[in-house]
Amino acid sequence: MATLKEIISCTSGYDPDALPVAKANEVIRSFVRPVAGIEKLAVRAALGRVLAKDIVSPIDVPSHDNSAMDGYAVRGADLPRTEATAFTEIGAAFAGKEFAGAVGPGQCVRIMTGAVMPAGTDTVVIQEAVTAERGRITIPPGQEPGQNRRLAGEDLQKGRPALHAGRMLRPADIGLIASLGIGEVSVRRKLKVAFFSTGDELVSVGRRLKAGEVYDSNRYTLWGMLTRLGCEVIDLGVVRDDPKKLESAFRRAAADADAVVTSGGVSVGEADFTKQMMATLGEVVFWKIAMRPGRPMAFGRIRARGRSAYLFGLPGNPVAVMVTFYHFVRGALLTLMGRSDTDLPLLRAKAETAMRKKPGRTEYQRGILELKNGEWSVRITGAQGSGILRSMSEANCFVVLAHEQGAVKAGDYVEVMVMDGLV
Ligand code: AMP
Ligand code: MG
């Protein structure tokens, strides 16, 4: 496997002190490799987990041709062309209770949605289209042979992959797996992610604040994001800005977790002693990323007791933590989990107000996306300082202002990334 150094040497335009977001992600994605472990779970327990092997359909779904509507099953060849024609009703077919006989010329069978098509029939005329009188069913012209029939295997075909490895199982997927009669699936094991906050000024909730102290909120946002991502979390608490304590926290994380996410301690001034320590623990690079908020970040792999963990050293500012997590760590952790799809769509929305922006860095402003006059429209959530967590809390989207983009005028279109989805 390539070392970080080798990957970086193959990355064109790499400048650790002014690294575009896309370049940082390129390095991260080339370096991380999915975890190997697999476990077998009951279908419901696999919701939200990543499929480890393709699911090959053992049957056709549906398993028989069946009716898509309530009506009358007939032979398509018998359908009247020009004049309404009477058919003889010879029986009925229900979902789960098929019509046993065969249907001959001029005959029809009353059929319900989901019922197996009786032998000889290939067409269903809906009940609203016919007139029924004492077992005589009159069908008008204008019907198409083969209409209102669901074909065997039209949903899923026997022997073909119904779901591919690498996808996170959503409610539709677990339903689809159940529709194949499969009760257990192979998924990747959960990712173990350790996290801690660094800073001498940090106080845990429940204590009183003294002058110059702040409550440690990053451990809550990080816990929330990691939990939502489906990780098994290891909370290593607050670690003081003390090289010995930091080193022991990193060693513990490297031994116990697949990845470690920290906040604080990577900004200029603090980075120096972390850099020295990292040199002994593994391979870690320190970046200044061309982005806002964010900028300083450490990335690499650390080792302890014969094991290793990927390291994401995020900045300390509460908004910067979340933004760097969403735009670097999220994709990397999903890749580690074995996910093959990690990108999120960007939508176009009209900017309600002007936005200041300098070319040469990517900005992630926090926005509120709303439908106005039939069009998606976005406004910024007030002050955008990287310490103002309220700007994230009020937002329902990021306004993503690309690296090269300049200032935005009111009425311009911008790209937004929605924060929430369906359940
Ligand atoms: P640092 O990156 O360590 O220089 O921290 C930058 C800013 O973020 C400082 O104002 C810190 O007080 C603040 N900060 C760092 N860690 C946390 C945390 N865990 N919770 C809340 N604020 C923090
Ligand atoms: Mg700090």
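What to note about this one:
Per-residue answers, yes or no, for (1) without any contact (Cβ under 8 Å) to a residue 60 or more places away in the chain; (2) among the acidic types (Asp, Glu); (3) part of a strand (DSSP E or B); (4) more than 16 Å from ligand 2 (Cβ to nearest atom):
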residue	(1), (2), (3), (4)
Ser248	yes, no, no, yes
Ala254	yes, no, no, yes
Asp272	yes, yes, no, no
Lys275	yes, no, no, no
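- One residue stands out in the range 212-235 among those that are in a strand (DSSP E or B) and either within 16 Å of ligand 2 (Cβ to nearest atom) or of a type in the set (Phe, Trp, Tyr) (or both): the one that is nearest to Thr335 (Cα to Cα), namely Tyr215.
- Yes/no for Thr131 being surrounded by fewer than 16 Cβ atoms within 10 Å (Cβ to Cβ) and not basic (Lys, Arg): yes
- Any chance Val43 is in contact with a Leu (Cβ under 7 Å, 6 or more places away or on another chain), surrounded by 12 or more Cβ atoms within 10 Å (Cβ to Cβ) and of a type in the set (A, V, I, L, M): no
- Test: residue in the range 184-201 that is out of contact with any Phe, Trp or Tyr (no Cβ under 9 Å at 6 or more places or on another chain), within 16 Å of ligand 2 (Cβ to nearest atom) and small (Gly, Ala, Ser): yes
- Test for Ala100: is it in a loop (DSSP other than H, G, I, E, B), within 30 Å of Leu180 (Cα to Cα) and under 36 Å from the mean Cα position of the chain (by Cα): no
- Thr280 vs. criteria of a type outside the set (Phe, Trp, Tyr), part of a helix (DSSP H, G or I), away from ligand 2 (no atom under 16 Å from the Cβ) and in contact with a helix residue (DSSP H, G or I) (Cβ under 9 Å, 6 or more places away or on another chain): yes
- Any hit, the range 296-310, residues being under 24 Å from Arg339 (Cβ atoms), within 15 Å of ligand 2 (Cβ to nearest atom) and either outside any strand (DSSP E or B) or touching an Asp or Glu at 6+ places or on another chain (Cβ under 8 Å) (or both): no
- Residue, farthest from Val205 (Cα to Cα), within the range 251-272, restricted to residues that are away from ligand 1 (no atom under 12 Å from the Cβ) and more than 29 Å from the chain's Cα centre (by Cα): Asp272
- Residue list for the range 373-387, restricted to those being charged (D, E, K, R) and surrounded by 13 or more Cβ atoms within 10 Å (Cβ to Cβ): Arg379
All of the numbers you see were taken from the coordinates with simple rules; none came from a lab. Quick caveat: nothing in here was measured; it's all calculated off a predicted structure. Neighbour counts run over all protein chains shown; Cβ positions are idealised from the backbone, glycine included.
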